[in-house]
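The structure under discussion appears below in the form of structure tokens.
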Amino acid sequence: MKEILHKAYKFSNSWTGTIVIVLFVIFFIAQAFKIPSGSMKDSLLIGDHLFAKKFAYGIPMPHLPFLEVSIMPWSDKLRLMDGDRPQRGDIVIFRPPHNTKQHFVKRCVALPGDELFVANKDLYIHHNEGDEWIKSNFDKEDIVIFAEKLWVKNPYMKKHHGIHHDEKIKYNEQYPMPIFNFAPIKVDEDHYFMMGDNRDHSNDSRFWGAVPYENIEGTPWFVYFSIDEDWEIRWDRIGKSPTDLESPEHLNRAVQERLAKDKDDYGIY
């Protein structure tokens with residue numbers, strides 16, 4: 001046993017061993033990502049650097065960092081092993097169906113079998129569990145009747161306070177229609193509907209459809225570094241999980257930063 005441990009120690013100290021260990025961690029445990037856009041304000045901010053928990057929803061197909069080349073280039077599969085599925089309200093890292101070379105970070109708002117639509121910017125969901133489940137899980141004032149079904153209006157805003165709308169964005173031809181109105185759909189089997197918390201500035205499933213399970217990479221674990229657009233380090237965000245960052249203390253600071261420095265008023269990203 002001592003001999004095996006000694007060999008393992010020597011291997012880990014070699015260049016080959018170091019590369020193998022680093023790639024193993026990146027492929028199967030944690031991978032670093034940077035938030036490049038404001039689509040998840042005020043929950044995640046531009047300049048947040050975070051580690052993703054790669055094993056949260058099974059094991060995605062490993063890709064070489066930066067090159068985005070699969071370790072199995074002869075296969076077009078994006079998943080190595082199935083696992084847990086995203087739940088409503090989870091923040092998810094995934095490869096969008098229209099460009100699997102990219103990684104997006106959005107919030108899962110609807111599961112397979114859920115129905116949803118957007119009217120006057122508000123999100124309405126008919127959960128696949130049915131009307132009785134909706135009545136027992138949501139407040140009466142949040143439920144509306146449409147097409148002889150019960151729908152929950154903005155079901156995530158009470159729990160996830162980073163979700164918001166931009167009052168400057170008004171209905172006109174300058175902005176994409178899905179921001180304001182999105183026709184009712186039913187989410188396909190093994191697909192997940194994703195939306196950004198910065199609802200009026202998010203390129204998400206309203207524009208390119210629900211995300212297949214095999215495209216899902218993981219979930220944000222914690223922020224290991226954060227810097228704002230003026231190159232000032234946000235010390236209070238370092239080491240925090242997404243749940244921590246949804247506390248009133250952090251959200252208030254994020255809102256203040258957005259109101260003071262919002263330079264992307266009209267972008268969809």
Q. Among the residues of region 204-245 satisfying the criterion of being hydroxyl-bearing (Ser, Thr, Tyr) and within 23 Å of residue 30 (Cα to Cα), which is nearest to the chain's Cα centre (by Cα)?
A. 219
Q. In region 50-74, which residues are aromatic (Phe, Trp, Tyr) and surrounded by 15 or more Cβ atoms within 10 Å (Cβ to Cβ)?
A. 51, 55, 57
Q) With respect to the numbered conditions (1) in contact with a Leu (Cβ under 8 Å, 6 or more places away or on another chain); (2) at pLDDT below 95; (3) not hydroxyl-bearing (Ser, Thr, Tyr), which one is the sole condition not fulfilled by residue 85? A) (2)
Q | Of all residues in region 144-157 being among the aromatic types (Phe, Trp, Tyr) and closer than 18 Å to residue 112 by Cα, the one that is surrounded by the fewest Cβ atoms within 10 Å (Cβ to Cβ) | A | 156
Q | Hey, residue 122 over 20 Å from the mean Cα position of the chain (by Cα) and modelled with pLDDT of 95 or more or not | A | no
Q | region 123-133, residues that are in a loop (DSSP other than H, G, I, E, B), free of Cβ contacts under 8 Å to residues at least 24 places away in the same chain and not charged (D, E, K, R) | A | 128, 130
Q: Kindly list, by first and then second residue, each pair from a residue in region 77-99 that is touching a residue at least 24 places away in the same chain (Cβ under 8 Å) to a residue that is among the aromatic types (Phe, Trp, Tyr) and surrounded by fewer than 20 Cβ atoms within 10 Å (Cβ to Cβ), limited to pairs with Cβ atoms under 6 Å and residues at least 6 apart or on different chains.
A: 89/156; 98/208
Q. Among the candidates 141, 115, 129, 167, which residue alone is closer than 18 Å to residue 192 by Cα and loosely packed, with under 14 Cβ neighbours inside 10 Å?
A. 129
Q: Using the structure shown, decide if residue 47 is over 22 Å from residue 157 (Cα atoms), of a type in the set (Gly, Ala, Ser), buried (at least 17 other Cβ atoms within 10 Å of the Cβ) and at pLDDT 80 or above.
A: yes
(Q) Quick check on my filter: what residues within region 176-211 are touching a Phe, Trp or Tyr at 6+ places or on another chain (Cβ under 8 Å) and of a type in the set (Phe, Trp, Tyr)? (A) 180, 182, 192
Q.
Condition check: of a type in the set (S, T, N, Q), at pLDDT 95 or above, out of contact with any helix residue (DSSP H, G or I) (no Cβ under 8 Å at 6 or more places or on another chain) and more than 26 Å from residue 167 (Cα to Cα). Does residue 136 satisfy that?
A. yes
Q.
Need pairs with beta-carbon distance below 6 Å; first residue modelled with pLDDT of 90 or more and within region 241-269, second not in a loop (DSSP other than H, G, I, E, B); sequence gap 6+ or separate chains.
A. 241/222; 242/91; 242/220
Q.
Contact list please: Cβ distance under 6 Å, first residue in region 147-167 and within 21 Å of residue 180 (Cβ to Cβ) and touching a residue at least 12 places away in the same chain (Cβ under 8 Å), second residue buried (at least 19 other Cβ atoms within 10 Å of the Cβ) and of a type in the set (Lys, Arg), pairs at least six apart or on different chains.
A. 165/199
Q. Looking at (1) out of contact with any Phe, Trp or Tyr (no Cβ under 6 Å at 6 or more places or on another chain); (2) of a type in the set (Gly, Ala, Ser); (3) part of a loop (DSSP other than H, G, I, E, B), which is the only condition residue 136 fails?
A. (3)
Q: From the list 245, 259, pick out the single residue that is closer than 28 Å to residue 121 by Cα and surrounded by fewer than 21 Cβ atoms within 10 Å (Cβ to Cβ).
A: 259
Q.
Could you list, ordered by first residue, the pairs with Cβ atoms under 9 Å in which the first is in region 201-215 and farther than 14 Å from residue 39 by Cβ and the second is in a helix (DSSP H, G or I), at least 6 apart or interchain?
A. 211/205
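The values are calculated or read from the model by the stated rules, or taken from the named source; none is laboratory data. Just so you know, these numbers come straight off a predicted model, no measurement behind them. Note that we place each Cβ from the backbone using ideal geometry, even for glycine, and neighbour counts take in every protein chain shown.
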